[in-house]
Amino acid sequence: MRKIAGKGTWLVVMAVMAAVVSAQSATRSLEGLVDAVIRNGPGNQLPAHLSVILGVSALEQKTPVKQAVMRDGYTVHTFNVCTANHRDLVMLTYNEQNHSSKAYLVSPAGALRKAVYYQAGDPANERSPADAHSDFLIELKFWTNLSASGAAGTGAR
C-alpha cells in the first residue's frame, strides 16, 4: 500500500473533490431549472441564424423555446429550452450598453457544446471553447445560483 504524503497532495485531492461536487450540483440545478422553464416559461423563438450557428436547427428557421429571463443591470440573461429537444439548452446574455450578445449551447449536465458572439446587426461568430470558457462559467453560475435559491423566474425582472 502506498502512503500519500505532503500537504500539496491533500490540496490537490481536495480541489478535485470540490470540482466533482460542484459539477454534480450544477447538473442537479440545471435539471431543476429545465423542468421549471418547461412547465412555467413563456414560449418564444430563437432567431433563425442563431439556431443554425448553434446547431439546434439544420434549416435557417426560428426555433421554438420555453424561456426564463432575468435582468441584472444592463445585462439581460435568457435561459432557453428548445421545445423540440429538451436536451438543447441555450443561455444568452445581452449587453444593452454595447448591443452585444453571447450565446452558449449547453447540455443538461452543464457542459458547453458551442459558443457564439455577435453584435446587433452583425453575423454571429463561433468562439473557441478556450475563449468562451471563463464567461460561460460565469453565466452557468448565474443560472445555477438562481435555480438553487428558487429565484429563477420566467419573466424579466
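Of all residues in region 89-107 being among the small types (Gly, Ala, Ser) and over 9 Å from the mean Cα position of the chain (by Cα), which is farthest from Arg39 (Cα to Cα)?
Checking each candidate, the answer is Ser100.
Quick test for you: out of Ser101, Ser51, pick the one residue that is outside any helix (DSSP H, G or I) and more than 15 Å from Trp143 (Cβ to Cβ).
Of the residues listed, the single one that is outside any helix (DSSP H, G or I) and more than 15 Å from Trp143 (Cβ to Cβ) is Ser101.
Filter region 57-74 down to residues that are over 16 Å from the mean Cα position of the chain (by Cα) and either part of a loop (DSSP other than H, G, I, E, B) or basic (Lys, Arg) (or both), then give me how many there are.
Residues meeting the conditions: 8.
Let me confirm something: among His77, His86, which residue is more than 11 Å from the chain's Cα centre (by Cα) and closer than 20 Å to Asn44 by Cα?
His86
Among the residues of region 119-148, what is the count of those that are surrounded by 12 or more Cβ atoms within 10 Å (Cβ to Cβ), in a strand (DSSP E or B) and either of a type in the set (A, V, I, L, M) or without any contact (Cβ under 8 Å) to a residue 60 or more places away in the chain (or both)?
Qualifying residue count for the region: 2.
Would you point out the residue of region 29-44, among those that are of a type in the set (A, V, I, L, M) and closer than 12 Å to Thr144 by Cβ, that is surrounded by the fewest Cβ atoms within 10 Å (Cβ to Cβ)?
Going through the qualifying residues, I end up with Val34.
Considering only region 103-117, how many residues are buried (at least 19 other Cβ atoms within 10 Å of the Cβ) and either basic (Lys, Arg) or more than 18 Å from Gln67 (Cβ to Cβ) (or both)?
Adding up the residues that qualify gives 1.
For region 50-94, give me each residue that is in contact with a helix residue (DSSP H, G or I) (Cβ under 9 Å, 6 or more places away or on another chain), within 19 Å of Ser107 (Cα to Cα) and free of Cβ contacts under 8 Å to residues at least 12 places away in the same chain.
Ser57, Ala58
FYI, it's all coordinate maths here, none of it is from the lab. Quantities reported herein were computed from a predicted structural model and do not represent experimental measurements. For neighbour counting, all protein chains shown are included, and Cβ atoms are generated from backbone atoms with ideal geometry for every residue, glycine included.
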